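Down below is the structure, laid out as structure tokens.
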Amino acid sequence: MTAKIIDGKAFAATIREKVAGHVARLKEEHGITPGLAVVLVGEDPASQVYVRSKGKQTVEVGMNSFEHKLDADTSEADLLALIDTLNKDDSVHGILVQLPLPKHLDEDLVINSISPEKDVDGFHISNVGLLGTGQKSMVPCTPLGSLMMLRDHHGSLSGMNAVVIGRSNIVGKPMAQLLLGDSCTVTIAHSRTKDLAEVVRRADIVVAAVGRPEMVPGDWIKEGATVIDVGINRIERDGKNVLVGDVDFASAKEVAGAITPVPGGVGPMTIACLLANTVTACCRSNDLSEPEGLTA
Ligand code: GUN
């Protein structure tokens, strides 16, 4: 079998189109322009690239983008004061603090200072709790994008065996909650899991989110399974810098039923879902009906 390649780039474009349609309606019918504030502390090069890309795409769908770039030695008090200002600003519907933060800043404290209704990353402890108890919440962007691709491919996920490899707060744990919400039988595997190959072989759905280049070989994948590769790893191959996932794409695509490539799979969906979350947050804060198909 050769797998269907799930085109995240094309899918993300359809999400952005839907978002742009909702933004246009919010402007025309209600005089509201959704706004996303992104806070970057320090000069981490990868974070700078992400933040630039988020700002550009925010403007492209018609929303307001507010970028706040702070020095690497910004004090916790100053950062919390900025977040407090953004929490109170009615033109800001979504707030994202780019991670990782410099070491002297307490990430949990900072994230939990964001108003949960504006927490478009879905990292606030309230949103984590709401998602875990099946209530309406802001859903982390990468798992949300992964879920959208799975639903699009399968329709219903009910009763499927899903294995999530990785237990991070940003991807692994919320992904498992979303799959459980869609009635999958969910296993969370991680670096201490015994006989990981056997665990993965039972899965109809594999979500790999460990951050280790090509650690899942094709012979761990069940024939016909769907593989969502969340990994984005930069490695050197044949003297060139290349991006690879957590799954060995070349061997996995020979056995999987469907697979996301790296690049061009989950990656583009993450920012598209950030835009979707911002529109959702804007609608909720204005007591307007939520856009369909953009939330979990
Ligand atoms: N750094 C890497 N991924 C993310 C993300 O999804 N959100 C934030 N805030 N920072 C990140």
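The values are calculated or read from the model by the stated rules, or taken from the named source; none is laboratory data. Just so we're clear, the structure is a prediction, and the values are computed from it rather than from any experiment. All Cβ positions, even for glycine, are placed from backbone atoms using ideal geometry, and neighbour counts span all protein chains on display. Surface areas here come from the heavy atoms of the whole protein model, side chains and all, with no ligands, DNA or RNA. Shrake-Rupley method; radii C 1.70, N 1.55, O 1.52, S 1.80 Å.
Near A72, the amide H atoms lying under 5 Å from its own belong to G42; only residues 5 or more places off or on other chains count, and H is placed 1.01 Å from N.
For region 1-64, the gyration tensor built on C-alpha atoms gives an oblate shape. Its axis ratio a/c (a ≥ b ≥ c) is at least 1.5, and a/b is not larger than b/c.
Here is the list for region 1-107: GluC sites (Glu not before Pro) lying in DSSP coil, each with at most 15 other C-beta atoms within 10 angstrom of its C-beta, are E43. Close amide H pairs (under 5 Å, H built 1.01 Å from N) link V139 with no residue at least 5 positions away or on another chain. With all pairs of different C-alpha atoms in the average, the Kirkwood value for the hydrodynamic radius of region 58-104 is 12.2 Å. Taken as entire DSSP H runs, the helices of the chain that both span 24 Å or more between Cα atoms along their own long axis and average -0.5 or more on the Kyte-Doolittle scale are 8-30, 266-285.
Scanning the chain for cysteines with no neighbouring cysteine C-beta under 4.7 angstrom from their C-beta gives C184, C282, C283. Helical content alone sets the calculated 222 nm signal of the chain at -12500 deg cm²/dmol, taking -39,500 (n - 2.57) per DSSP H segment of four or more residues and averaging over every residue.
Note that region 220-228 has calculated 3J(HN,Hα) couplings of 8, 8, 6, 3, x, 5, 9, 10, 10 Hz, one per residue in order, obtained from phi through the Karplus relation 6.51 cos²θ - 1.76 cosθ + 1.60 (θ = phi - 60°); glycine and proline are x.
Between A197 and A24, the contour length at 0.36 nm per residue exceeds the Cα-Cα span by 57.5 nm.
Calculated FRET efficiency, K9 to T33, Cβ-Cβ distance, R0 = 41 Å: about 0.95 to the nearest 0.05. Both the radius of gyration and Dmax for region 158-296 are 16.4, 55 Å, in that order, over alpha-carbon atoms.
For E214, the residues whose modelled amide H falls within less than 5 Å of its own, excluding neighbours fewer than 5 places apart on the same chain, are G245, D246, V247. Average projection, convex hull of the Cα set of region 107-203: 6.7 square nanometres.
Please label the shape of the chain as rounded, prolate or oblate, based on the square roots a ≥ b ≥ c of the eigenvalues of the alpha-carbon gyration tensor (a/c under 1.5 means rounded; beyond that, a/b larger than b/c means prolate, else oblate). Prolate, because a/c is 1.5 or more and a/b exceeds b/c. Rolling a 1.4 Å probe over the protein heavy atoms gives the chain an accessible area of 46 Å² per residue. Taking N as the residue count of region 8-135, its C-alpha radius of gyration divided by 2.2 N^0.38 Å amounts to 1.11. Solvent-accessible area of the chain (1.4 angstrom probe, protein heavy atoms only): carbon and sulfur portion equals 50 percent. Note on T187: accessible area approximately 50 square angstrom, rounded to 10, probe 1.4 Å, nucleic acids and ligands left out. Peptides 287-294, 246-253, 229-236 ranked from most to least packed, by the mean per-residue count of other Cβ atoms within 10 Å: 246-253, 229-236, 287-294.
Qualifying trypsin sites (Lys or Arg not before Pro) in region 52-126, where qualification requires a DSSP coil assignment and no more than 16 other C-beta atoms within 10 Å, comprise K103. Computed from backbone phi with θ = phi - 60° and the Karplus coefficients 6.51, -1.76 and 1.60, the 3J(HN,Hα) list for region 187-196 is 10, 9, 9, 7, 4, 9, 4, 7, 6, 4 Hz; x is used for glycine and proline. Short-range pairs are left out: with C-alpha atoms under 8 Å and at least six residues apart, the relative contact order of the chain is 22 percent.
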